[in-house]
1. Which of the following residues is surrounded by 15 or more Cβ atoms within 10 Å (Cβ to Cβ) and closer than 15 Å to residue A:277 by Cβ: A:81, A:36?
2. Given the options A:232, A:227, A:186, name the one that is more than 12 Å from chain B (Cβ to nearest Cβ) and either outside any helix (DSSP H, G or I) or more than 15 Å from residue A:139 (Cβ to Cβ) (or both).
3. Suppose we filter segment B:97-116 for residues that are modelled with pLDDT of 90 or more and under 26 Å from residue B:34 (Cα atoms); how many remain?
4. Being over 12 Å from residue A:199 (Cα atoms) and part of a helix (DSSP H, G or I) is the filter here, so list the residues in segment A:115-130 that pass it.
5. Tell me which residues, restricted to segment B:575-620, are out of contact with any strand residue (DSSP E or B) (no Cβ under 6 Å at 6 or more places or on another chain) and part of a helix (DSSP H, G or I).
6. Could we say that residue A:283 is assigned by TED's automatic domain parsing to the domain that holds residue A:95, within 28 Å of residue A:167 (Cβ to Cβ) and surrounded by fewer than 19 Cβ atoms within 10 Å (Cβ to Cβ) here?
7. Within segment B:164-186, how many residues are buried (at least 23 other Cβ atoms within 10 Å of the Cβ), part of a helix (DSSP H, G or I) and more than 11 Å from every other protein chain (Cβ to nearest Cβ)?
8. From the set of residues in segment A:211-224 that are outside any helix (DSSP H, G or I) and within 19 Å of residue A:118 (Cα to Cα), which is farthest from the other protein chains (Cβ to nearest Cβ)?
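The values are calculated or read from the model by the stated rules, or taken from the named source; none is laboratory data. Small disclaimer: the values here were computed from a predicted structure and weren't measured. All Cβ positions, glycine included, derive from the backbone under ideal geometry; neighbour counts span all protein chains shown.
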């Protein structure tokens, strides 16, 4: 297991370093000169050269990359060129918000998805299975913004239960933000639910057909005992990987949902940074998302290893 | 006494897309307590369906439409699911074919066995574990304390099957159903499991239903036998009666198909008349020793290692697992070199080195005087054509989306440059060569039986007009009756086409029918090799001796002779024992000399080589069977010749 963990960790580090090169490279081939953007078109060549020197932009790219990476690792993520705020403060603030939203969505769709998937597999080809499959497929097919708008229409316009906008103030506590988190969380959960259901259903059907489940039944075990002790642990292996890897997307990829609800998460910050060509902000947010994805995938591998002795004890 | 299992006029139907299919028709079967009934038939004869119906565990679509199955007087076919559940485990238990699939892969074995005690017998945690350990002792499980903490993938098939037996017997069921319990195991492991069953039988009064396609196995463990053909039981008799006077023609056919090990059987044709069967540039190879380098196929000092070991190896070298350890062998043109050993002995790796699927770390493969590059990718096209392979699992070795004609036609067009028409005609000829109707050209592998697919695989290999056919356990996954026919086919094809075979199997009886020369491998190294007739009769290497005595004898009278068994399970290839690598399991273990020193190669007549500390004469004396007329014959090689 130690070998397994170390190898995975090394892969995470490698992923992050390669991504940092891509992020740095991409932000440097973006059209537009930083000095011109900061000083304006009327600035003299001399002033621009001075600023470049001041910012270290006249150095070779490799040296620039090295100092950028070491600053980043030390926690100095620079200052936003569009708002003048400290990039680190803003980004971490948004990361916290994204974490709250991810948690709410996660708690909504993972247990429900596993439950419905297992039920669908258990009652395979029955009416229950058909309904679960069709409804969940419909939600996969619906674009996120359609689901979101539909939820707003239902819970705000018609029922007046929940606020349509989730634009919480910076630093709002989880309890304070909770009402604002329900609708965006639900919208994300509905889209992801189908994936979890389908993975669980497929895995469970496969497991139900194995010899060892037959062995378990023929030992005279009760159905719940067979399901919980012998079926689920094995059938959830593929689901665990999908779900854990999906955490990365929940934290950094919800650009559309966050935009529709006006929720100040990491995804919307990326969008903002790109629209403003705010290089330090782009670099910080994308690097953060890379790290989240890498760690989420590492977690998926480790959980998989924990559940699967064939990998753990190899 | 009332029977433990009483199946009366049972008919089972499967609903299929093409209408109902009768899998079992009007089958009746009775087993008294303490008795063992063999249920014998080919795949598809309905044996397993009958057993599952008796268990009340038919798969979806299966339905009992007539008859009943009484266990201790209770009819399983009329019980509710809850009622059947009360019977399962306590009244009736099952041991299934593939032990590796029969256990939950993510739960330690101890907990899986405890479940029976905890959930069925309502024992406390501690009592359940004590019962588990006691049962494991009963099935002669070495290191029971260690086994309970291990996961299924950490145990060999034989050990797992012992666990399965312990689990099935834990609640002392009235009926124990064994569905091909040894078919997936090595012959040596099968022998030890059969010994165990025989012993358990005498200790308990459960009724056993033993399902198998191999009549040889039945002779050892069963009291009575039922023979099943196309869903019907066609004959039922005591074992002795059945083997002596089979009353149904089908039973006689099954009996004839059991591979019999007979060292006095005539050697396969082809040996010695090499010039006639394959005119070529090679000088004719006589039976006597030849100068090195003159053989058609020559493997010299082959070594193949794989990285092995567990955990991190930051500062130490990762241990190397030697799958093939300095192996040298040869075969003459148009003859068969048989390669025998248990799983893990390195047979398959050796085959892969010959075919060029793996690069040897050391040593050479020569064919027809030419040194072959290690990997197939760097071999010349004619060489690729000349070496073909037939794999173990027929279902997986043909593309399911290609018709038989396409599968055979492809190498014809690719390697021989035939056009579509010529390829079609040649494919038809090849089908005839493997005794299949030419109408099969348009069929898909899914429509054929396992034996037929293997025939197609042979035809496909022949299409390249090879000179060497490497066959890796080509008959092991097939029914015994099909095996016999295929072995005959291999024999005829060799004569017709002048092919050399490298024929790999764990079953000495199968190897014997084909081989001119035989090599026995254990843990990557050769133990014995030489002319087939020499290897197959004493003096044997002790390992060969164990392989020979593991072959199930289809003769109830011969079963109770003294038999020789290997100690323990196969060793770990990553941790080869010191001295003689076979010493940990050797039935003729001498002592420190075996532990500390590598044995010498002892040479006998006819290019016969044995890797053992015991001199050949002593081996012969130990192994010579007391034959009634020649009981006092001196133990010498000459005496054996007569």
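1. After ruling out the rest, the residue left standing is A:81.
2. Selected residue: A:227, the only one of A:232, A:227, A:186 that is more than 12 Å from chain B (Cβ to nearest Cβ) and either outside any helix (DSSP H, G or I) or more than 15 Å from residue A:139 (Cβ to Cβ) (or both).
3. Qualifying residue count for the region: 5.
4. A:119, A:122, A:127, A:128, A:129, A:130
5. If the condition is that a residue be out of contact with any strand residue (DSSP E or B) (no Cβ under 6 Å at 6 or more places or on another chain) and part of a helix (DSSP H, G or I), then B:592, B:593, B:594, B:595, B:596, B:617, B:618, B:619, B:620 are the ones that fit.
6. In short, no.
7. Total satisfying the criteria: 2.
8. Taking segment A:211-224 as the starting set, the residues that turn out to be outside any helix (DSSP H, G or I) are A:219-222.
Next, from what is left, pick out any that are within 19 Å of residue A:118 (Cα to Cα): A:221-222.
Values: A:221: 5, A:222: 7 Å.
Selected residue: A:222.
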